[in-house]
1. Looking only at the stretch 573-605, how many residues end up being open to solvent by 30 Å² or more (accessible area, probe 1.4 Å) and either touching a Leu at 6+ places or on another chain (Cβ under 7 Å) or basic (Lys, Arg) (or both)?
2. Is it true that some residue in the stretch 18-30 is within 23 Å of Phe457 (Cα to Cα), in contact (Cβ under 8 Å) with a residue 40 or more places away in the chain, within 20 Å of the chain's Cα centre (by Cα) and in a helix (DSSP H, G or I)?
3. Scanning for something at pLDDT below 90 and touching a Phe, Trp or Tyr at 6+ places or on another chain (Cβ under 6 Å), does the stretch 67-88 turn up at least one residue?
4. Quick check: is even one residue across the stretch 327-346 assigned to a helix (DSSP H, G or I), modelled with pLDDT of 90 or more and β-branched (Val, Ile, Thr)?
5. For the stretch 211-261, enumerate the residues that are outside any loop (DSSP other than H, G, I, E, B), open to solvent by 40 Å² or more (accessible area, probe 1.4 Å), more than 22 Å from Lys146 (Cβ to Cβ) and at pLDDT below 80.
6. Which one is nearest to Tyr480 (Cα to Cα), of the residues in the stretch 380-419 that are among the β-branched types (Val, Ile, Thr) and touching a residue at least 40 places away in the same chain (Cβ under 8 Å)?
7. Of the conditions (1) surrounded by 14 or more Cβ atoms within 10 Å (Cβ to Cβ); (2) of a type in the set (Val, Ile, Thr); (3) assigned to a helix (DSSP H, G or I); (4) within 25 Å of the chain's Cα centre (by Cα), Ile475 satisfies every one except a single condition; which number is it?
8. From the list Glu669, Glu673, Glu683, Glu629, exactly one residue is within 18 Å of Glu377 (Cβ to Cβ) and more than 36 Å from the chain's Cα centre (by Cα). Which is it?
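The values are calculated or read from the model by the stated rules, or taken from the named source; none is laboratory data. In this text the structure is predicted, and so the values were computed from the model without any measurement. A quick note on method: Cβ atoms are made from the backbone with ideal geometry, for glycine too, and the neighbour counts reach across all protein chains shown. Note: accessible area is taken over every heavy atom of the protein model, side chains too, but ligands, DNA and RNA are not part of it. Shrake-Rupley method; radii C 1.70, N 1.55, O 1.52, S 1.80 Å.
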Amino acid sequence: MSDLQEFHHSLISEVQGDADALGLYTQEAFFEKVGEILTEAGEIDQADYSHFSGSGNRGVNLEVTGYGGDPRDADGVLSLILCDFQVLPDLRTTLASSLQGQFKKLLEYLRHARTSEFNEQIEETSAGAQLADLIQSRWDSIEKIKLIFVTNSDNRSRVDAKLAGDMAGKPVTYNVWDLKRLQGFVEQGRARADMTVRFAEDFGGGIPVLKASGSDTSFESYIAVMPGAQLAEIYDRWGARLLESNVRSFLQARGNVNQGIRRTIMEEPQMFLAYNNGLAATAEGVELKQTEKGLLLMSAENLQIVNGGQTTASLHAARKKAGDGMKDIYVQMKLNVIPTIAADTVVPRISEFANSQNKVAAADFFANHPFHVRIEELSRKILAPAGDVGYRETKWFYERARGQYADERSRKSDAEKKKWDAEFPKIQFFTKTDLAKFENSWSGRPDIVSKGAQKNFSEFAKTIEKVWGRSGTRINNVWYRNLVAKAIIFRRLEKLVSAQEWYEGGYRANIVTYAIAKVVHDAEEMKKVLDISRIWFAQAVPTNVEEALLVAAAEAQDIITNPPEGVRNMSEWAKTQACWKSFSGRRLFYDDAFLSALVDEDDAKSGEDDDTEDEKLTTSVEAQTRVFELGAAFWADAKTWGRSQRLLSPAEYNTLEICARIPSRLPTERQTEFALEILAKLEARGYRAKTAAE
């Protein structure tokens, strides 16, 4: 069986499993799964399910599965998504000739949705009507239309950001995500299909470059100066996918447009090159042409901007208002050519180091932030109790970087895979965006969670430094166990909601986050907290907590599906603070049994403090043992490397100096813990130490 066939069967199994567990149609379960992929890949900002299928004028077929959120929040881009999921034992092949028919369904839906007659003919509260209403109300602000076809077949035609005419003067692009492309992203975090920027062919001409690397270097480097208008046009084609994932997350957290850059564009375009630091970028391959005037960059394969995302986005945002001023804008670019085999490891590191030279905080590089590294470490070592129905202790797998789970599992033999699956059950797998969803629901931010995985994660990322503190001592075993308990609650409620008679279908994700936030809010109003330590030990949600959550869930459905007069799109209503404010103030009536699931805030904190003290003692002993086992030579090497990279503060250097003189000098308990924190920091920045055994 080929890798693609194995992925084909695995994807079908996962989608069917989700559909059965959550009471969804397989098409909706498939949309939810690929929606996460599309948002994480930067194809769309969020994924909202809004299925409609029917006939229009003259019997033409209309169909849409969902959309990429409010165009007003997506730089004026309207993204419409059509899913094709079929459960077949063998791989299907989609020919290029059949793609036109699929995109025609989306185009016809869009054409009809712009007419008042269409809205009058379909049910007012249907998903198709609500999406049509959104399109009509936002039409004047829409600048671009992106049609996305997602299929679990093998597509023989590469279609990625392909220009396909316009509708009422607004450019339309086609994008296809087939089985191979989905597999590439799930297993390797690679979203590109054929994202080759052809400067000469598609964007007005090649770019003059100077080679900036010797013949004996591992990677080629070039320095270029490109027109700002050309860069803005390239960004218009591919959008956020042009940005390396960490840079994309940074922009989502901080906002795309830098006002200082915008001011230069509008008022002093001729000074842009002098004032702006330019871009740092990578490509997996380049096409160069030697001319009489020098070397020209003709194309770049899988171009990724690793520093300068705000520059790029600001130029794109201001290009219309800048008018003729754009012709005076030039941008410097440093380009490193990283072969495909090394791209997945080297490109994120270039991104981190390129941005460490300016004021981008460490939290902006979310996957490498110590917070995520710590959660990953805890997930690999903390055993979850067997609970009431389990037969053995297991672990929850935290995927800090896309593809970790599949990669680690793929490197094992069949016998090892069985052991792995027992230790890390697939249902106990969660990602960074899942973590953010659990935490923000618990923190009373369901309106933010409702905005989609990536926007919610970006908002959560703003709080990481506060949660982490100076040394990350809060992120310990207790914090991790509470996180897993929140995950258990969230996933259990997803299943419960789908099985309720009152559930009308749709908006389940919104209902779940609102219900959890409401229960936590109401407990806090009583000066109580939910005793989630019980949920960790049982690895299940008690019946009295389930009943309280369902009371809140039923009310959440009511508030979401009955928006204020004049608001027709319920999904968009759930993303507003007004929706949460209205719901949080509503009085709910829980069963008396719910009170037994609550504990006083002080009692909960006291219990956590006791657990933390026990953990500190264990951690201290473990830290001392590891520092001494690594040995003086190890710490001397780490000290030398850290100093050469200018990464050590005086306190950090002095601590490593003491460790490097073991056994003539012995570090204190605190110094051993501090030494391991310093080591984690150095390793995150690229240090690869030789062990004492080597």
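1. Residues that pass the stated criteria total 4.
2. Yes, the stretch 18-30 contains at least one residue that is within 23 Å of Phe457 (Cα to Cα), in contact (Cβ under 8 Å) with a residue 40 or more places away in the chain, within 20 Å of the chain's Cα centre (by Cα) and in a helix (DSSP H, G or I).
3. For the stretch 67-88, residues at pLDDT below 90 and touching a Phe, Trp or Tyr at 6+ places or on another chain (Cβ under 6 Å): absent.
4. no
5. Within the stretch 211-261, Arg254, Gln259 meet the criteria.
6. Here is the first cut: in the stretch 380-419, the ones among the β-branched types (Val, Ile, Thr) are 382, 389, 394.
Narrowing further to those that are touching a residue at least 40 places away in the same chain (Cβ under 8 Å): 382, 389.
Values: Ile382: 9, Val389: 22 Å.
Here the residue is Ile382.
7. (3)
8. Working: Glu669 fails: within 18 Å of Glu377 (Cβ to Cβ); Glu673 fails: more than 36 Å from the chain's Cα centre (by Cα); Glu683 fails: more than 36 Å from the chain's Cα centre (by Cα).
Result: Glu629 is the single residue among Glu669, Glu673, Glu683, Glu629 that is within 18 Å of Glu377 (Cβ to Cβ) and more than 36 Å from the chain's Cα centre (by Cα).
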